[in-house]
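A short reminder: the numbers here are calculations on the coordinates, not readings from a lab. All values reported here derive from a predicted model rather than from experimental measurement. Please note: Cβ atoms are built from the backbone with ideal geometry, for glycine as well, and neighbour counts cover all protein chains shown.
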Amino acid sequence: MSTAAQEFLRRAAEKTSDLQHRYTIRHGIDSYETAHNKGKARFSDWQAARDRCAQIKAEALSKLDQYLLQFEDTVKSRGGHVFWASNSEEARNYVLDVAKRNNVQRVIKSKSMVTEEIHLNPLLEKNGLEVWETDLGEYIVQLRNEPPYHIVTPAMHLSRGDIAKLFQEKIGGVTSDDPSQLVALARHKLRQAFFAGQMGISGANFLVADAGMVAVNTNEGNGRLCTSLPRIHVVMAGIEKVIPRLQDLATLWPVLATAGTGQHLTTYCTLVGGAKRPGEVDGPEEFHVVLLDNGRTELLADTEQRDVLRCIRCGACLNACPIFRNVGGHTYGTTYQGPIGSVLTPHLRGINEFNHLSFASSLCGACTEVCPVRIDLHHHLLQNRRNAVQSGARPWSERMAFRIWRWAMLSAGRFRLFGWLARMVMRAVRALGLTGTALDPMRKWTKYRVPPDVPERSFRQMWKEQYAH
Ligand code: SF4
């Protein structure tokens with residue numbers, strides 16, 4: 001078993017028995033779900049809107065090279081810089097280089113999962129730069145020295161009491177856990193960072209090919225401040241973020257907001273076109289876009305799973321997933337959590353180390369049901385499992401167990417024998433009181449659960465007695 005898999009199991013066991021943690025995230029997710037259902041009702045046809053979004057993203061992926069080049073040309077025609085990064089290292093080094101060339105000391109960041117994916121902050125900080133996360137949730141987890149817990153709501157696992165305690169320790173001046181007071185404190189602190197920031201780094205919700213513009217959605221306005229106040233603005237985006245036309249945002253923006261948080265539209269929907277032009281007062285002097293591949297072109301070449309690149313990172317599949325709701329975001333140990341993370345991470349970070357995530361699913365299909373761009377998530381999880389088995393990434397004991405199981409299932413006599421043996425073993429375990437001990441063959445189950453009663457007779461025997469004449 002890989003180290004990542006062992007860590008996943010350890011954290012999952014810890015979190016599923018932490019009732020306070022489960023209560024906090026369920027409370028958060030339930031309120032999102034209520035808003036999400038109300039939001040869907042505002043559409044005259046929510047299913048048609050999902051179809052349209054899936055079509056737009058599929059069209060973009062079918063001509064990804066053309067749309068990216070179109071985007072690049074337009075950005076460059078306005079004086080912007082576009083850098084193609086094939087991996088995390090190239091992307092990180094490019095940003096560091098821009099910062100060094102411009103003597104940047106202080107960086108302000110708007111929410112960006114790609115910067116988490118490439119671990120940008122540690123490199124900048126190692127090189128003496130001060131980095132400020134300005135999205136409130138990101139700011140909170142940065143103060144805790146933690147990665148984001150959820151791709152949309154990074155501090156979902158914290159109650160307002162937790163946040164008040166954290167602010168008191170790190171900022172001071174907290175007199176209650178009243179959310180408006182906590183927000184005012186964070187705002188006061190972040191305002192200083194906004195005015196002192198020399199470089200702003202943002203993500204991109206969409207890259208608009210025909211307009212050469214970057215769409216950034218935030219609820220706090222921090223995105224606009226990061227993209228317009230500092231001298232330099234750097235956009236970090238995965239190559240799959242490109243969409244063909246500006247008018248596509250008319251569908252994508254409301255669908256993204258509704259699927260993610262139940263809002264009609266995100267509070268601030270911003271389009272950034274580049275550096276300020278002669279005569280303009282506002283805006284950065286330099287504008288850079290880093291287009292990150294990092295395994296995405298390989299996924300694009302995989303015709304079976306290419307549609308994973310349609311993801312608009314709304315977070316709906318995380319909220320719907322019964323596994324995520326119990327183990328929580330940090331248990332995954334990955335940048336992208338929940339069903340989309342379990343599908344995507346083996347492609348980005350290797351199937352040997354991360355195939356276990358595809359097994360952390362009941363395959364109930366709730367994720368596929370909610371995905372606004374109709375990614376067939378639970379079937380992709382199944383395909384990842386198949387790929388893991390075929391590539392030999394699963395342990396030999398598991399492969400052997402399934403071989404024996406298959407052998408038993410292919411004969412009625414062997415099936416009966418195995419059923420009888422299993423009942424005998426379970427009876428012995430219960431009779432000897434071995435449940436929950438090291439001798440219990442089902443220890444992993446019975447440590448947290450009451451083992452089921454063992455029936456006296458098999459289903460086949462009961463059926464015969466009742467119906468066979
Ligand atoms: S896979 Fe679908 S539901 Fe999940 S984050 Fe991406 S777009 Fe949203």
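Take the Cα gyration tensor of region 281-436, multiply each eigenvalue by 5, square-root it, and list the three semi-axes largest first, rounded to whole angstrom. Write out the running numbers ahead of the final one.
On the way: eigenvalues 338, 69, 43 Å².
Working from the Cα gyration tensor, I get semi-axes of 41, 19, 15 Å.
So, counting K/R as plus one and D/E as minus one, what does the shell of residues with Cβ under 13 Å around Gln47 add up to? Spell out each step's value before the answer.
Working: positive: Lys40, Arg50, Arg52, Arg374; negative: Asp45, Asp51, Glu369.
Cβ neighbours under 13 Å give a net charge of +1.
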Determine the shape class of region 203-318: with a ≥ b ≥ c the square roots of the Cα gyration tensor eigenvalues, call it rounded for a/c under 1.5, and otherwise prolate if a/b is greater than b/c, oblate otherwise. oblate
Over the Cα atoms of the chain, compute the convex hull volume and normalise it per residue, giving Å³. 188 Å³
If R0 is 41 Å, what FRET efficiency do you get for Phe195 and Phe359 from their C-beta distance, rounded to 0.05? 0.25
Anchor Lys276: lysines whose Cα lies under 23 Å away (excluding residues fewer than 8 positions away in-chain): Lys76, Lys100, Lys109, Lys111
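Taking the Cβ of Asn326 as the centre, find all other residues whose Cβ is under 12 Å away and add up their charges (Lys, Arg: +1; Asp, Glu: -1). Walk me through the intermediate numbers first.
On the way: positive: Arg11, Lys15, Arg22, Arg26, Arg325; negative: Glu14, Asp18.
Result for the local shell: +3.
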In degrees, nearest 10, range 0 to 90: what is the angle between the Cα axis of helix 396-409 and the longest Cα principal axis of the chain? 50 degrees
Whether region 9-70 is rounded, prolate or oblate, judged on the alpha carbon gyration tensor where a/c under 1.5 counts as rounded: oblate
Given Cα pairs under 8 Å that are at least 6 residues apart, what percent is the relative contact order of region 287-424? 20 percent
Rounded to whole angstrom, the alpha-carbon centroid of region 122-149 lies from that of region 1-69 at a distance of 23 Å
Between Ser17 and Glu169, what is the label-to-label distance in nm when each label sits 7 Å out along the Cα-to-Cβ direction? 2.4 nm
Are there cysteines in the chain with no other Cys C-beta under 4.7 Å, and if so, which? Cys53, Cys226, Cys269, Cys311, Cys314, Cys321, Cys364, Cys371
Protection proxy (average C-beta count within 10 Å per residue), highest first, orders 79-89, 454-464 as 79-89, 454-464
How are the Cα pair distances of region 20-145 distributed, in percent, across 5 Å bins from 0? 2, 8, 10, 12, 15, 14, 14, 14, 9, 3, 0
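What's the magnitude of the charge dipole for region 344-405 around its Cα centre, counting Lys and Arg as +1 and Asp and Glu as -1 at the beta-carbon? Answer in Debye, nearest 20. Let's see the in-between values first.
Values: 7 positive and 4 negative charges, 43 e Å.
Using Cβ point charges on Lys, Arg, Asp and Glu, region 344-405 gives about 200 debye.
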With angles folded into 0 to 90 degrees, how steeply does helix 179-196 sit against the dominant principal axis of the chain? Use alpha carbons for both and round to 10. 50 degrees
Surrounding charge for Ser358, neighbours by C-beta under 11 angstrom, Lys/Arg +1, Asp/Glu -1, total +3
Hey, for a label at Lys38 modelled as a point 7 Å past Cα toward Cβ, could you say which residues of region 193-224 have their backbone N under 19 Å away? 219-220
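Compute the relative contact order of the chain as a whole-number percentage, counting only Cα pairs closer than 8 Å that sit 6 or more residues apart in sequence. Write out the running numbers ahead of the final one.
Numbers: 718 pairs, mean separation 88.7, N = 469.
It comes to 19 percent, rounded to a whole number.
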Summing -39500 (n - 2.57) over every DSSP H run of at least 4 residues in the chain and dividing by its residue count gives a helix-only mean residue ellipticity at 222 nm, to the nearest 500 deg cm²/dmol, of -16000 deg cm²/dmol
Set Lys and Arg Cβ to +1 and Asp and Glu Cβ to -1, take the dipole of region 280-387 about its Cα centre, and tell me which of Leu300, Gly338, Cys311 lies farthest positive. Gly338
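For a protection proxy built on the mean count of beta-carbon atoms within 10 angstrom, sort 181-194, 301-314 highest first, please. Mind showing how you got there, number by number?
Values: 181-194: 15.9, 301-314: 18.0.
Highest-to-lowest ranking by the protection proxy: 301-314, 181-194.
Roughly how many debye, to the nearest 20, is the charge dipole of region 124-203 about its Cα centre, given +1 on each Lys and Arg Cβ, -1 on each Asp and Glu Cβ, and no other charges? Mind dumping the intermediate values first?
Numbers: 8 positive and 10 negative charges, 31 e Å.
The dipole of region 124-203 has a size of about 160 debye.
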In degrees, nearest 10, range 0 to 90: what is the angle between the Cα axis of helix 249-261 and the longest Cα principal axis of the chain? 50 degrees
